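Written out below as structure tokens is the structure these notes cover.
The values are calculated or read from the model by the stated rules, or taken from the named source; none is laboratory data. Quantities reported herein were computed from a predicted structural model and do not represent experimental measurements. Neighbour counts are summed over all protein chains in view; Cβ atoms, including those assigned to glycine, are modelled from backbone coordinates with ideal geometry.
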Amino acid sequence: MFDLWAAEHSVLREKVLERVFLTELSRVLLIAFKTPFEVLRSEFDANGYDVVVEARGIIRHIQLKATRVGGKRASVDVNLALAEKPGGCVVWFMADPATLSVGPFYWLGGEPGQSLAVPDGAVARHSRANASGVKGERTALRRVPMRRFIRMETVREVAEAMFGADHGHLLHAHLSTRGVDPATLDVSERLPWKDSTGLAQMIDGYVLAEAAGLGDPADYLARARAVAEATGQWRGSALELWVALFLEHRRDHFSGFLVGNDIAVASPPLLNELCVSLVWALRRTFPTRIS
């Protein structure tokens, strides 16, 4: 009986799952993002990537890793050469052995247009020992644990991490309904959290979250904050960051003082970072004045 997951079918399995992933990514780019794209394949994987995808003028050299749902794999080997490629990134995904459906996904990479930081992990070793019983080092590879990756539930989240979310038109339309002209925004480059109430209240974050398909606002904020706490950076489009700022202010309004910290006096560093990330995202999205 044929078993796709048998060791002798590893090459076939990798190619099949690569095509499954690219099919799902194609659906998002063509239908949700409405953008054309190109796919190039590496002749061999000595340079650390399996495929190259270009969309919206952004190039991504992608290393794909797949594990069966329920598998115990706790790390993957990442080629150091990937950090030297434009937009190098790793997409590690789970695959259902019964249906070949894919997800969840684990993402390792920089912002759109940025390179991958040199992978942080132990030097990988060969799976087989030599005659002396020693498993030699593979100095070009680093064994990167799952905790270094960002978990994503959908292919759309992966596509947004690769090529950015296309929320500019939604945000512009929403601001228009509230009488705000993005071109007239005048915000400080280093806007602190304690001075960001006015900016937060320019939008209705609940309405925007629904329009952008971000899901339940509380769940969205929990996901965004978890990524920020893990990486030290808030990720997302200007719309997503603005919604996060709005929701953080609502959260603060209903919860009162943070434990051990009166935010009216001191601005928490994580929320200061949110404000700065939003200001620069606005600058990229609109001809916003940054003072």
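Which one of V265, V279 is modelled with pLDDT of 90 or more and of a type outside the set (S, T, Y)?
Details: V265 fails: modelled with pLDDT of 90 or more.
Answer to the check: V279.
Step by step: first the residues of the range 9-36, then only those that are touching a helix residue (DSSP H, G or I) at 6+ places or on another chain (Cβ under 7 Å) and either among the hydroxyl-bearing types (S, T, Y) or under 21 Å from L82 (Cα atoms) (or both), then the one that is modelled with the lowest pLDDT. Which residue is that?
Among residues in the range 9-36 that are touching a helix residue (DSSP H, G or I) at 6+ places or on another chain (Cβ under 7 Å) and either among the hydroxyl-bearing types (S, T, Y) or under 21 Å from L82 (Cα atoms) (or both), the one modelled with the lowest pLDDT is T35.
May I ask you to list the residues in the range 78-123 that are within 22 Å of S237 (Cβ to Cβ), at pLDDT 90 or above and among the hydrophobic types (A, V, I, L, M, F, W, C)?
Within the range 78-123, C89, V91, F105, W107, L108 meet the criteria.
Evaluate the following for V20: is it β-branched (V, I, T) and closer than 24 Å to W234 by Cα?
Numbers: β-branched (V, I, T): yes; closer than 24 Å to W234 by Cα: no.
So V20 does not fit the description; no.
Among the residues of the range 146-166, which ones are more than 11 Å from L108 (Cα to Cα) and out of contact with any helix residue (DSSP H, G or I) (no Cβ under 7 Å at 6 or more places or on another chain)?
Passing the criteria: E153, T154, E157, E160, F163, G164, D166.
Give all pairs with beta carbons closer than 9 Å in which a residue from the range 5-34 that is assigned to a helix (DSSP H, G or I) meets a residue that is surrounded by fewer than 16 Cβ atoms within 10 Å (Cβ to Cβ) and of a type in the set (F, W, Y); count only pairs at least 6 apart in sequence or on separate chains.
Sorted first by the residue in the range 5-34, then by its partner, the pairs are H9/F2; R13/W5.
Taking the range 77-107, which residues are under 18 Å from the mean Cα position of the chain (by Cα), under 20 Å from R19 (Cα atoms) and part of a strand (DSSP E or B)?
Within the range 77-107, C89, V90, V91, W92, F93, M94, V102, G103, P104, F105, Y106, W107 qualify.
Give me the residue from the range 58-94 that is crowded, with 20+ Cβ neighbours inside 10 Å and polar (S, T, N, Q) and, out of that set, farthest from L108 (Cα to Cα).
Filtering the range 58-94 for residues that are crowded, with 20+ Cβ neighbours inside 10 Å and polar (S, T, N, Q), the one farthest from L108 (Cα to Cα) comes out as N79.
Considering D181, D216, which residue is within 30 Å of G57 (Cα to Cα), acidic (D, E) and not assigned by TED's automatic domain parsing to the domain that holds G57?
Numbers: D216 fails: within 30 Å of G57 (Cα to Cα).
The conditions single out D181.
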